[in-house]
Structure formats: C-alpha cells, structure tokens
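A.B. asks: After the structure tokens below, expect a handful of questions from me.
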Amino acid sequence: MTAGDKPKSHGRLSISASVQPRDLMAPQRVKGAWAARIITLFPEAFPGTLGLSLTGKALAEGLWSLQTIDLRPFGIGKHRNVDDSPAGGGAGMVLRADVVAAALDEAAIATPPDRALWPVVYLSPRGKPFDQATARRWAGADGITMLCGRFEGVDQRVLDHYAVEEVSLGDFVLTGGEIAAQAMIDAAVRLLPGVLGNASSTEEESHSHGLLEHPQYTRPATWEGRDIPAVLTSGNHAAVEKWRRAEAERLTRERRPDLWARRPKP
Ligand code: SAH
C-alpha cells in the first residue's frame, strides 16, 4: 500500500480470513471471481444495497468480490487534501489529477492492463448512458475499477491519461458516484453465473431482447375487483407466450418509442 489504510474488502476474502482479515485484503483477487474495485471518498457506502439479497449472498459465497479504495489517504499534506478550486475559476472543487492517479495505480495492481478484460470507469453525468449491453460487457470481463467523483468532478487529464471510460447512470446529476456505481455493479453482478437462482430470468426480462417485459401477476386471482388476465391461468403455454410477447411489444411501443425503433427485427 502506498498510502496508509488498506483497502476494505467485502465478500469471501473478508469472511474466510481467520486471523487478521485486514492483512489478507491486500490488492489481490478471489481467484477466478469477478472483482469490483471502487475508488471513493466514502468507502462506508459499500457494500450498501449490494450486500443484500441475491448480490449479497453471491458476495458472501465468493461469486464476486468487492474492494473499496479510500481516496482520502492519497490526499496531499497534513490534511490529505484531495481537491482544489477549478482552473479558470467558478464554483466548487475538482478532484486533483495526482491524487486520483495514485488511487488508480493502487487499483491497477494485479489487474490486466487490457481495458476489455478490466474496464476502468468514471461515473459521470457526461458519460455514455449505462445500459444492459454495457452490464453484459462488464460481466464478461475479469473485473472492473470504478472511480466515484464528488464535488465538480475529476481533473480531465487523469481521465485522458488512464483511458478511463465515462459512464452515466442517466440524464440527471447526483452528488457523488457511489449510488451510480452500486446500480451498475448490481446490473453486472446479477448476470454472473450462479448469482440468480434461475438463469433464464436474465434472458426473458426487460432490455434483454430490446423490449420491455410484459406485466406480471400473482395470487390472489381476484384483487380489488381486478382479475388476472384469463389467458395466464388457462394452462395454454403457447397462448401465454403469445400474450406476453404482444404485451411486451405494446408496452415498448407506448412507453419507449426509442427502444421500439431500435429493436432487433426478426
Ligand atoms: N459538475 C459535474 C457534476 C458533478 S456531480 C457536471 O456538471 O458534469 C459529482 C459526482 O457525482 C460526479 O463526479 C460523478 O462521479 C457523480 N455523478 C453525478 N451524476 C451522475 C450520473 N448521472 N451518473 C453517474 N455519476 C454521476
């Protein structure tokens, strides 16, 4: 470690270590498991919702691993300053290139330099909008490094120098990258083998074939005077499939004309 504190790990590394777990959390990966490394000023935000339910269970089982790298110890001087005022003036503060670079170097230890095998991502409202195809691409890599911005963002030079991919959660502005990182990791992790009990559920859901999913129903059969569409309880599988396809197409046409126009045509 170059800057004090060790990165914090979640998942198999931290629960299987018997004596001094912190010492075993050096920048190494659970062998074979997909790994996320998150550079953040707020490591305590992780695993957050990723520690719950299916992603949390998969984390505990070592199907993927999560390591936070605290940006603060890389800061400058007694106060470990990580930011400074924007060149050219204006409001707010910008994360310094040298500070962020030191954290990125730390995150790069023992990872493949090929960005296709290990994407290095900056969460940013100026980035390419995140989508299911990006989640699939990332899930197919060995792991990922994510840089969570704060304040006005990050010095551009460090993004250029490290060939960082800028990705946005959507056309709105968050106060930091941590929520975006969790959302994107969730989307990628649920595509890893073994994370969802029923593998076919990632093939049929919204966005997997360029369509939104059909509506879902469950018991009771009648609720507040509303019945489940009769076809779904008919036992006729072909009719169910046809209805679901028609509903998926209707919803996509009505709600997302952009997706409808781009849908893969048979
Ligand atoms: N001044 C910047 C916004 C900074 S918001 C601009 O106008 O582009 C502070 C941090 O929150 C960013 O550095 C980024 O990491 C994160 N963030 C904000 N909105 C985001 C979004 N839509 N997607 C992903 N990350 C976002």
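A.B. asks: For the chain, with only Lys/Arg (+1) and Asp/Glu (-1) charged at the beta-carbon, what is the dipole magnitude about the Cα centre, in debye rounded to 20?
C.D. replies: Its charge dipole is roughly 440 debye.
A.B. asks: Something else about it: With the radius of gyration and the Kirkwood radius both derived from the Cα set of segment 205-262, what is their ratio Rg to Rh?
C.D. replies: Using only Cα positions, Rg/Rh for segment 205-262 is 1.04.
A.B. asks: In addition: Starting with the fewest neighbours, write out His10, His161, His209 ranked by other beta-carbon atoms found within 10 Å of each beta-carbon.
C.D. replies: Lowest count first: His161, His209, His10.
A.B. asks: Let me ask something additional. Grab the chain and count how many Lys pairs have their alpha-carbon atoms under 26 Å apart, sequence gap of 8 or more, or different chains.
C.D. replies: Qualifying lysine pairs in the chain: 9.
A.B. asks: Is any helix in the chain, taking whole DSSP H runs, at least 15 angstrom long along its axis by alpha carbon and on average at least -1.0 on the Kyte-Doolittle scale, and which ones?
C.D. replies: Within the chain the helices that satisfy the rule are 97-108, 178-189.
A.B. asks: Averaging sequence separations of C-alpha pairs under 8 Å and six or more residues apart, then dividing by the length of the chain, give the relative contact order as a whole percent.
C.D. replies: 17
A.B. asks: Rounded to the nearest 500, what is the 222 nm mean residue ellipticity of the chain from helices alone, with -39500 (n - 2.57) per DSSP H run of 4+ residues and division by all residues?
C.D. replies: -8500 deg cm²/dmol
A.B. asks: Related question: Between Arg126 and Ala238, take the C-beta separation as r, use R0 = 45 Å, and let me know the FRET efficiency to the nearest 0.05.
C.D. replies: The calculated FRET efficiency here is 0.45.
A.B. asks: Suppose we take every Cα in the chain and form the convex hull; what volume per residue is that in Å³?
C.D. replies: 185
A.B. asks: While we're on this one: Would you be so kind as to identify which of Gly235, Pro220, Ser208 lies farthest towards the positive end of the dipole of segment 205-262, taking Lys and Arg as +1 and Asp and Glu as -1 on Cβ and the Cα centre as origin?
C.D. replies: The one lying farthest along the dipole's positive direction is Ser208.
A.B. asks: Looking at the chain only, what percent of DSSP beta bridges run antiparallel? Nearest 5 please.
C.D. replies: Percent antiparallel among DSSP bridges in the chain is about 30.
Values in this text are rule-based calculations from the coordinates and carry no lab data. Worth saying up front: this structure is predicted, and the values here are computed from it rather than measured. Neighbour counts are summed over all protein chains in view; Cβ atoms, including those assigned to glycine, are modelled from backbone coordinates with ideal geometry.
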